[in-house]
Structures are given as C-alpha cells and as structure tokens.
1. Rounding to the nearest 20 debye, state how big the charge dipole of the protein assembly as shown is about its Cα centre with +1 on each Lys and Arg Cβ and -1 on each Asp and Glu Cβ.
2. Could you work out Rg/(2.2 N^0.38 Å) for region B:113-230, with Rg from alpha carbons only?
3. How about region B:1-101: which trypsin sites (Lys or Arg not before Pro) there lie in a loop by DSSP and see at most 13 other Cβ atoms within 10 Å?
4. Whole-Å semi-axes of region B:209-345's equivalent ellipsoid, largest first, each the root of 5 times a Cα gyration tensor eigenvalue?
5. Starting from the Kirkwood Rh over alpha-carbon pairs, what translational D in µm² s⁻¹ does region A:25-81 have by Stokes-Einstein at 37 °C and 0.692 mPa s?
6. Go from 0 up to the bin containing the longest alpha carbon distance in region B:46-127, width 10 Å each, and give me the % of pairs per bin.
7. Can you give the percent of C-alpha pairs in chain A whose distance is more than 20 Å?
8. May I ask what percent, to the nearest 5, of DSSP beta bridges between residues of the protein assembly as shown are antiparallel?
Amino acid sequence: MDRLVELLPLFYQSFEETVIMVGISLFISTLLGIPLGVLLVITRPDHLAPNKWVYHSLNVIINVIRSLPFIILMVAIIPFTEFVVGTSIGVEGAIVPLIVYTTPYIARLMETALLEVDRGVIEAYQAMGASRSQIIFRIMIREARPGIVLCLTIATIGLIGATAMAGAVGAGGLGDLALRYGYQQWDIEVMIMTVIILICLVQAIQSLGNWAAKKLKKTA
Amino acid sequence: MIQLTNIHKTYKVGSKQVEALKGVTLHVNKGEIFGVIGFSGAGKSTLLRTINLLEKPTSGSVVVNGQDLLKLSEKELRHARKKIGVIFQHFNLLSSYNVFDNVAEILRMNRVPKEQIRKKVEELLRLVGLEDKASAYPSQLSGGQKQRVGIARALAMDPEILLCDEATSALDPQTTESILDLLLDINQKFNLTIVLITHEMQVIKKICDRVAIMENGVIIEQGTVLDVFSNPQQPTTRNFIKTVFDDQVPKEMLAKIKNAGPSAYILRVAFRGDAALDPVLGTLASRYPVRTNLLYGSISSIKGTALGILLLHISGEEKAVQEGIAYLRESVYRVDVVSQEEVGR
Ligand SMILES: Nc1ncnc2c1ncn2[C@@H]1O[C@H](COP(=O)(O)OP(=O)(O)OP(=O)(O)O)[C@@H](O)[C@H]1O
Ligand SMILES: [Mg+2]
C-alpha cells in the first residue's frame with residue numbers, strides 16, 4: 001500500500017498522458033470521421049448525392065485499414081508517421097497511428113448512426129425544398145445525435161485500448177506503465193492498479209455516453 | 001394548376017424493368033380536391049412524387065402553376081417545391097424536435113425572422129388544434145396529432161398545393177374523419193389545391209371533387225366523384241365503389257323478375273338528394289305503359305351532396321320503355337342502362 005502511495009505521482013502522470021493521447025486523437029479522428037461517415041451515406045445510390053466511385057473507394061480504404069490490428073498498423077505506417085510529425089516514438093509518434101486507426105472506425109460508426117435516420121424524414125425535407133447541406137447538418141446529423149454520441153463513446157473506449165498498446169513505442173500512458181512495471185518487472189500491485197483505473201475509466205465513459213444519448217433521445 | 005402529360009416512369013431493378021407509370025395524363029384545377037385511388041402497386045405514390053419531381057419521370061411533362069418543372073435548375077426546383085406541401089402516411093416528423101420546432105424548422109431554413117416564425121407557428125398550431133402541444137415531442141403524440149403536426153408543417157411556407165400520400169391510412173376511422181375535416185377546412189379557407197392518394201373509397205367520397213382510378217400504371221377512369229359514383233365504367237372502379245355502397249343484386253332475384261313486354265332493361269338511376277324523386281317515379285308509372293321493379297336503393301352523402309342510387313328494372317313495349325327512359329333522363333341526375341352481369345352477384 002505504501003508503495004502505491006509512493007507511485008501515485010507516476011499513476012497520475014500516466015493517466016494524464018493517456019487522457020491527452022485519447023483526447024487529441026479522438027478530436028482529430030472525429031473531425032475527419034464525421035464527414036467521411038456522411039459521405040458514406042449520401043453517396044449511396046438513391047441518396048442525396050449518389051456517387052458509386054466515391055462510395056466504393058471509401059469503402060475499400062476503410063475496410064483495409066480496419067482489418068489491421070492496431071499494433072501492426074502502428075509499425076506499418078512508421079514512415080508516414082515520421083513524415084508527418086518527424087518521429088515515430090513518444091506521444092507524438094503514437095497520435096498519428098491512433099488517428100489513422102480511429103478515423104475509419106468512427107466513419108463506419110457514423111455511417112450506421114446516420115443510416116438510422118428515417119429515409120422518409122429526409123424525403124420530407126427534400127420535398128419542402130431544403131438544400132443538401134441543410135438536410136445533412138440540420139436534419140440528418142441532428143436526428144442522429146443519440147446514435148452519434150454512442151458511436152463516439154465506443155470509439156473512445158476503442159481508443160483507450162489502442163492507446164495502451166501505444167505504450168509499446170514508449171508513448172507513455174497507462175499502457176506503458178503496465179508494460180514497464182507489470183510485464184517487465186512482474187509487479188503485481190502496479191498491474192492490478194492499472195487494470196482498476198482502466199476499468200473505471202471505461203465504465204465512466206460508457207455511462208456518460210449512455211446518459212447523454214438518453215438525454216438526446218426525446219422519447220417519453 | 002397541375003398538368004401532367006403522358007408521364008412514363010420505368011424503374012430498373014437489377015436487369016429487370018418495372019414500368020410504374022405507363023403514359024399518365026392528369027389535370028388538376030386550382031382549389032379542387034383531387035383524389036387518386038388504386039390498389040397497392042398501381043403507381044399512385046410514383047405519380048404523386050412526380051408532381052414535385054421527387055421522382056423524375058422517364059418521359060412526359062410536369063407543369064405546376066404554369067412552370068415546366070423539368071426545365072428548372074436544381075435551385076429553381078427547390079424554390080418551386082416550397083410552394084408544394086406534402087404530408088405522408090408515416091408523418092415523417094423530426095423525432096428530436098418538439099412540435100413547435102417541427103413546424104418552425106423549414107421557416108428557419110428559409111431565414112424567416114424569429115418573431116414572424118413564432119407568430120406563424122402559433123397560428124398554424126391553432127389551425128390544426130394543437131396549440132397546447134407546442135412543446136411535446138412526436139413520440140408523445142397520437143397518430144392523429146402527429147398528422148396534424150405534419151399538416152401544420154406542410155402549410156408553413158404558404159403552399160398553393162398540398163400533396164397527401166395515404167395521409168390517413170395509418171389512422172383509425174374516427175381520426176381519419178377528423179383529419180379529412182381538417183383538410184376540407186384548409187382547402188376552403190386558403191383555396192388550397194389538394195391531391196390525395198388513398199386506397200379507401202370513403203376518403204374520396206367524403207372530400208374529393210374529382211377522382212382518378214389507377215391500375216397497373218395507367219388511369220383507367222376519371223371524372224367528378226358524383227359521376228364516377230353514379231356510373232362507374234370499369235370493374236375496378238365498381239369494386240372500389242362497392243366498398244362504400246354495395247349496389248349489387250343477388251342473381252336469383254334477377255332471374256325471378258318477370259318482364260311485362262318484349263323489352264326489358266336494368267337502369268342505374270342516380271339522383272341528387274335535393275331533387276324530388278317521388279313525383280318522378282309516380283309520373284313514370286302513370287304516364288308510360290311500363291312496368292318497373294325496384295331492385296336496389298340507397299342514398300349517401302358525397303362531399304356534402306346527397307346522391308341516391310336506384311337500380312330499376314323496366315319492361316314493356318320497346319317504344320314505351322324508350323320514352324320512359326327519356327323522361328327519366330330529363331328528370332334526374334343521370335340514368336344509365338346496365339347489364340345483368342354488371343349488377344348481379
Ligand atoms: N424505387 C423503386 N424502385 C423500383 N421499383 C419501384 C420503386 N418505387 C416503386 N416501384 C414499383 O413501381 C410500382 C408502383 O409503385 P407505387 O409505390 O407507386 O405504388 P402505389 O400505388 O403507391 O402502392 P401502395 O398503395 O402500396 O403505396 C410498384 O410495382 C413498385 O414495386
Ligand atoms: Mg404508395
């Protein structure tokens with residue numbers, strides 16, 4: 001117990017690193033993933049902007065990235081990561097693969113959430129003369145908000161998992177802590193503590209997401 | 001107001017082609033309520049959706065309010081659509097907006113000033129009888145209330161035309177009545193042209209001025225509701241009319257009728273409720289040497305006008321019978337000679 005108190009600053013620092021990595025990658029992946037998700041929906045045949053070419057290429061790219069486990073993706077894109085941020089290790093080196101990993105994930109989840117929006121509602125606003133962008137931003141995205149929140153919740157939890165693996169490239173964070181103390185030194189206490197923190201974090205995020213989605217869903 | 005000319009619409013489903021509309025020509029006058037009735041798959045929705053070009057016809061022309069819609073740019077078409085309101089069978093409301101916002105959103109999209117929106121929405125909600133539900137969400141409303149929101153939303157942009165696709169099909173008979181009353185009310189208040197699609201003859205009978213019957217992608221019969229009801233031409237039309245009044249006579253009864261002379265006919269006599277029928281039949285019997293049998297009689301209200309239908313068997317000498325029929329034709333709304341097959345069951 002005394003050791004844990006001793007290690008507290010270390011836990012705190014790792015936790016902070018995890019939050020920063022998750023936060024930054026989530027922010028950027030969401031910024032990229034939402035438009036991609038919208039494109040995946042509106043370029044479908046019979047939707048707002050049918051475009052076979054865009055739809056199929058996006059599909060293929062997303063499937064390719066999504067079929068790689070994070071740890072492999074991280075190694076595979078090292079040249080790209082170095083090109084973008086100048087290094088492939090540390091927090092910066094981890095954020096690039098985290099974004100590449102999470103963006104297609106969010107795009108897919110967004111696609112699912114947006115497809116939930118009733119086709120009839122979209123048609124109603126087309127019939128009323130609403131423009132394409134009005135339909136996307138004021139109807140589809142707004143109507144899909146509960147689904148979008150749940151999608152971001154799942155993405156965040158996925159990101160936490162991937163961030164822990166990023167510990168392998170010395171990115172810091174809770175994963176790195178578990179790796180150094182738990183795996184290399186077989187320090188059971190630190191290991192258990194890390195696991196507990198991760199469980200609490202995931203629980204908290206999921207509950208928050210469920211609560212927000214429920215709030216947004218206006219059902220009596 | 002609406003002129004559709006020779007509309008064809010073919011869908012490609014895989015390698016197969018589905019001809020949903022096969023040359024439909026339709027004219028709807030300003031201020032009238034025009035009904036389109038037909039069985040499932042007849043092409044009614046496709047036809048309605050060509051009026052605002054949600055469905056682009058394969059060929060044909062669509063002129064609404066003097067504008068050839070197929071010649072408009074995308075932007076001009078969006079502008080034209082604002083004057084064509086639509087209500088739907090499944091309401092298609094925004095679940096994340098309350099009643100007020102459901103009606104207001106289209107006004108906001110068109111940058112109407114806030115204060116004006118508030119006034120307009122309150123006025124519309126009063127019109128549809130939902131002023132106390134402004135802050136309710138669609139999931140908290142009954143079907144009839146949802147359709148009222150749909151109607152208020154459709155009227156927000158002051159359209160000149162209202163298209164209704166099976167607007168009452170998801171509602172119970174009583175709610176249907178009240179929604180139809182509301183449609184009739186706004187039709188009269190705003191001189192709004194309404195095109196409605198249904199598979200229920202009740203709906204046509206209650207509020208439509210004219211009706212078109214569709215089958216397999218063509219209009220098989222059209223005319224004023226009074227004419228179509230008093231003398232339907234097509235078997236499908238008769239089947240639909242049977243659902244509201246069943247002017248069929250048992251075959252055994254037809255077989256038993258005795259002719260009083262060489263000539264005998266079955267007449268479908270239609271009379272308006274405001275015309276006095278009694279003296280007409282009396283005069284027929286006393287002035288012409290013919291024998292008549294009443295096979296069927298009923299009276300019902302068609303958009304507020306009472307329409308009576310009689311099936312009359314008339315027989316006697318050919319000359320007398322013809323004179324009798326001519327006299328009837330002068331005296332009532334409409335007289336048609338029908339065959340035994342047509343009225344027999
Ligand atoms: N998007 C589409 N793609 C392929 N076929 C279609 C499409 N829309 C309609 N059809 C076909 O066109 C025909 C007419 O359909 P439509 O929806 O207009 O019928 P309807 O009279 O409205 O029927 P209902 O009473 O069931 O609504 C049907 O055979 C239908 O299968
Ligand atoms: Mg239909």
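1. Numbers: 58 positive and 53 negative charges, 215 e Å.
Value, rounded to 20: 1040 debye.
2. Normalised Cα radius of gyration, region B:113-230: 1.18.
3. In loop regions of region B:1-101 (DSSP not H, G, I, E or B), the sparsely surrounded trypsin sites (Lys or Arg not before Pro) are B:Lys30.
4. Rounded to whole Å, the semi-axes are 26, 18, 13.
5. Values: Rh = 12.8 Å.
Answer, rounded: 256 µm²/s.
6. Taking all Cα pairs of region B:46-127, the binned fractions are 15, 38, 32, 14, 1 percent.
7. Result: 64 percent of Cα pairs exceed 20 Å.
8. 70 percent
Coordinate-derived values only; no laboratory data. Since the structure is predicted, the reported quantities are computational estimates derived from the model, not experimental observations. Positions of Cβ are generated from backbone atoms using ideal geometry, with glycine treated the same way; all protein chains shown enter the neighbour counts.
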